[in-house]
Every structure is written in structure tokens, then in C-alpha cells.
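Following: one structure in C-alpha cells, then a few remarks.
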Amino acid sequence: MQATRFSARRELGRTGFGATVLGIGDVADRQLPLAQCVETVRRAMDAGLNVIDTAPGYEAGFSEEIVGAALRGRREGMFLIDKIDHLDQPVGPQVEASLQRLGLEQVDLFVFHAVSTMAQWRALRVDELADGVQAGHARFRGISSHHPDVVRAAIESGWCDVVLFPVGPFVDARYVDELLPLAAARGVGTVCFKTFGAGKLVGDTTGYNQPLQKRPRGKISSGGKPGAPRLPCLTPTECLHYTLTCDPDVALLGMSFPNEQDAAFMAARTFRKLSPPLLAEIRRRAAEAIEGKGPCWWNP
């Protein structure tokens, strides 16, 4: 599967970094040994992926420990994203704690995490994060958000080097129709998530592998085949081809196991841009697939 390595596709906004089309998302799972998680990350790195994302809140710092260990001796050529989880608390101590867990002196990008309201955006401690960049703790700054209005404000502010937001078959149309073109025009990098709708689009889950407590009425399996999902769903390839057709700089995917990595790698390598009618059909099916699987917090 890794005979053909991924290579840099284009620069990530104005950072000057040549990023691969896929990025390595959260791989933390405290049910697994640290060494196994580290090996999973390095397997993606061996395939050529060069953008990696983490946050203090991913398994209470375990993700940062995994990423730090995976990058030990292999830091060069990797673009590392970390986050400020507590928006209402001083930035400096959070940055220092993250760097300690990573075992590093610097990350490439620190972003304020899950800035979900305009009030939160206006109250961000941007000067404190700017001080961290000035001190050499990070090279660039930005936000991640689940709200189109916040993403627009961040792009237009001129303050963000990179923004993280949802792009996939079931997202608010503004993310794709307005915000991706706006970011490209302003030289702001785009790293996008929710390709699989937190797993809702490809499985019977309320998100992140959490089981459904109650199945929607009238929903049955497609074809009734043993082991087939009981609810409508898309394939991982359909979801990823949709996101890649939308063309963010980087599609950030959670790839916690080798089989998940291989499925993502194969889908990316077989990608061909989808036609508008096919995009519309996938959106229609995505709306069916996500019905009854709980709230979609990324769509206000």
C-alpha cells in the first residue's frame, strides 16, 4: 500500500510549507499501548503524509504524547498543529504544557480550538498567542471552528495564517461555496475535517464510534446482507472524493488503525474530481445517512 508515497501538493496558505493532500488526525486511544499508537502515526509518515494535528484535550494529553514520540528524530519536514483548548484562560501556560507533553520546543501552528461563537472569537486572547509566536513557541497562528460566521471573521481579520473547519458531504454550504474560495484569495491555509461527519456518514454511530442508543424508525439495512450497516451510509471513498473535489489545502483524517489508513490512502490515490451532478447526489445521500444519528455540531 505504501509503495507509492504521497508528496507535497501545494503550499499551505502563506506558510510556505508544501503540504500533502491528506493530514494525520487524532490517533489517541488510551485502550491501546503508546508504542502501538506511535507506530500507527509513523506508518502514515512513512506513506509521505507531512501534516499532523493534535490537541491537549484529545485523550487528556495522550495524543500530544503520541505525536511527540512519533516525531522524535523525524521532526524535519513535518508540519505540526496543536491547539489552545481553554479559550478563557491564559495562553502561555497552555502552550508550555503542550510543548512539555510533546517534548518539543516549537510547533508549526497553534490554533484556538473550537471557536464556536462570534462572542468567543471577539474575546480570544490573540495578543497572548502572538507573544507565543514571537517567543518562538510556534511559527504560525490560527483557529479551528465549527461556525461559518467565525471562520469568515477569522479569514477576513488578516490575523490567521491557517484556519481549520469542516468540509465534507454534510456541512453547511457556506464552508465550501464561500469560505474555501475566500481563504484562497486571502492566502490563508485551509485544513479541513469532518469528511466522514464524525463517522456518522459511514456507520451507525452518533459520532466518534459511539453507538446509537435508538435507531430511527423505518430505517432498515440496504440489501439485508449479513454485517451490512442497518442504516443508509456512504463509503469512505465517496466521502473523501467529495472533500478532495472541494479542494481544501489539506483534508485532515483520523486514521487510528492500519486498515483505516489503507482505505484513505487508496481513496486518495484513485481520486478523480467529481462532477456537479455526482456531488449533488452524494449530498442527497449524506442527508439520508446522517438522519437520526444525533446533532451535527459543526452545522449551526
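The values are calculated or read from the model by the stated rules, or taken from the named source; none is laboratory data. What you see is a predicted model; the values in this text were computed from it and never measured. Heads up, the Cβs are rebuilt from the backbone with ideal geometry, glycines too, and the neighbour counts pull from every protein chain shown.
Below are the figures for this structure:
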item: Filter pass, Glu65 being surrounded by fewer than 22 Cβ atoms within 10 Å (Cβ to Cβ), among the charged types (D, E, K, R), within 19 Å of the chain's Cα centre (by Cα) and at positive phi; result: no
item: Condition broken by Glu105, with the remaining ones in (1) buried (at least 17 other Cβ atoms within 10 Å of the Cβ); (2) in a loop (DSSP other than H, G, I, E, B); (3) touching a Gly at 6+ places or on another chain (Cβ under 9 Å) satisfied; result: (1)
item: Of residues in the range 241-260 being part of a loop (DSSP other than H, G, I, E, B) and of a type outside the set (S, T, N, Q), the one surrounded by the most Cβ atoms within 10 Å (Cβ to Cβ); result: Pro248
item: Per-region count, the range 114-169, residues under 23 Å from Gly18 (Cβ atoms) and acidic (Asp, Glu); result: 1
item: Output for the range 86-115, where each listed residue is in contact with a Ser or Thr (Cβ under 9 Å, 6 or more places away or on another chain), within 17 Å of Cys160 (Cα to Cα) and free of Cβ contacts under 8 Å to residues at least 60 places away in the same chain; result: Val107, Phe110, Val111, Phe112, His113, Ala114, Val115
item: Residues (part of a loop (DSSP other than H, G, I, E, B) and closer than 27 Å to Met78 by Cα) located in the range 136-178; result: Gly136, His137, Ser145, His146, Gly158, Trp159, Cys160, Asp161, Val167, Gly168
item: Test: residue in the range 265-278 that is more than 23 Å from Ser7 (Cβ to Cβ) and either of a type in the set (Asp, Glu) or under 21 Å from the mean Cα position of the chain (by Cα) (or both); result: no
item: Leading residue by the ranking (surrounded by the most Cβ atoms within 10 Å (Cβ to Cβ)) among those in the range 209-240 that are over 27 Å from Leu274 (Cα atoms) and at pLDDT 80 or above; result: Leu212
item: Conditions (1) modelled with pLDDT of 95 or more; (2) in contact with a strand residue (DSSP E or B) (Cβ under 7 Å, 6 or more places away or on another chain); (3) closer than 26 Å to Asp29 by Cα; number of the one not met by Leu244; result: (3)
item: Qualifying residue in the range 43-54 (condition: small (Gly, Ala, Ser), crowded, with 19+ Cβ neighbours inside 10 Å and over 23 Å from Pro248 (Cα atoms)); result: no
item: Per-region count, the range 94-146, residues of a type in the set (Asp, Glu) and in contact with a helix residue (DSSP H, G or I) (Cβ under 7 Å, 6 or more places away or on another chain); result: 2
item: Residues of the range 112-135 classified as part of a loop (DSSP other than H, G, I, E, B) and more than 19 Å from Asp88 (Cα to Cα), total; result: 1
item: Count of the range 272-286 residues which are surrounded by 13 or more Cβ atoms within 10 Å (Cβ to Cβ) and either part of a helix (DSSP H, G or I) or in contact (Cβ under 8 Å) with a residue 60 or more places away in the chain (or both); result: 7
item: Residues of the range 10-53 that turn out to be closer than 19 Å to Leu109 by Cα and not polar (S, T, N, Q), as a count; result: 22
item: Given (1) surrounded by fewer than 16 Cβ atoms within 10 Å (Cβ to Cβ); (2) farther than 30 Å from Thr4 by Cα; (3) not charged (D, E, K, R), index of the condition Gly77 fails; result: (2)
